[in-house]
Amino acid sequence: MSHSVAGEPPSAGRRAAPLTTAVYSAAEWDLLTSLPGRVLVAAAAPGPGRPARGVMAGLAGLDAVAAGRAFDSDLVRAVVAAIYARHDGAQPATERLTDLVDLLAACRAAVRILRRRADPADSAAYRQWVQSVAARVCRAVPTPGGPSPSLPASPADRRFLDRLGAALGLG
């Protein structure tokens, strides 16, 4: 059984997180840690057939990113920790504007990196987590009495989620 630095067992029976970042180059790690924020921004952006999103959608996306802390994946937990640990003055990914073509290309690049370097279970967990960020933003109910949060609000949102899922190798 692995133990933490203080000598006690890891919480909830989890093994201590390995040095996940050592497996990736700085550029690869930057891509993996910035992708969830880029997906959140793209999912929240209005577009043809897509409604303008409000604060509720942004909060839903941030909640989905934070939910990665509870994933049973060392990779996802390490990415979330890196996102929350950024103190270097770098522009957070959520402040970068992204275009859908660039975002989908970044997703495909992340899949290639994960295929080469990650454990298959961690790769699947990461890709599903990133998709869940977009799904939660798209399903956030923009106004009281709005569409059900169980389904994306528009056909354009469903197309966006489908294209994102395909780029992440999920569909």
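Evaluate the following for residue 124: is it within 24 Å of residue 162 (Cα to Cα) and either in a helix (DSSP H, G or I) or at pLDDT below 95 (or both)?
Values: within 24 Å of residue 162 (Cα to Cα): yes; either in a helix (DSSP H, G or I) or at pLDDT below 95 (or both): yes.
Spelling it out, residue 124 is indeed within 24 Å of residue 162 (Cα to Cα) and either in a helix (DSSP H, G or I) or at pLDDT below 95 (or both).
The residues listed here are 167, 85, 140, 106; of these, the one that is closer than 21 Å to residue 28 by Cβ and modelled with pLDDT under 95 is 85.
Residues considered: 47, 61. Of these, the only one that is of a type outside the set (Lys, Arg), open to solvent by less than 40 Å² (accessible area, probe 1.4 Å) and at pLDDT 90 or above is 61.
The values are calculated or read from the model by the stated rules, or taken from the named source; none is laboratory data. This structure is a prediction, so every number in the text was calculated from the model and none was measured. Don't worry about glycine lacking a Cβ; one is built from the backbone with ideal geometry, like all the others, and counts go over all protein chains shown. To get the accessible areas, we keep the full protein, side chains included, count just its heavy atoms, and leave off ligands, DNA and RNA. Shrake-Rupley method; radii C 1.70, N 1.55, O 1.52, S 1.80 Å.
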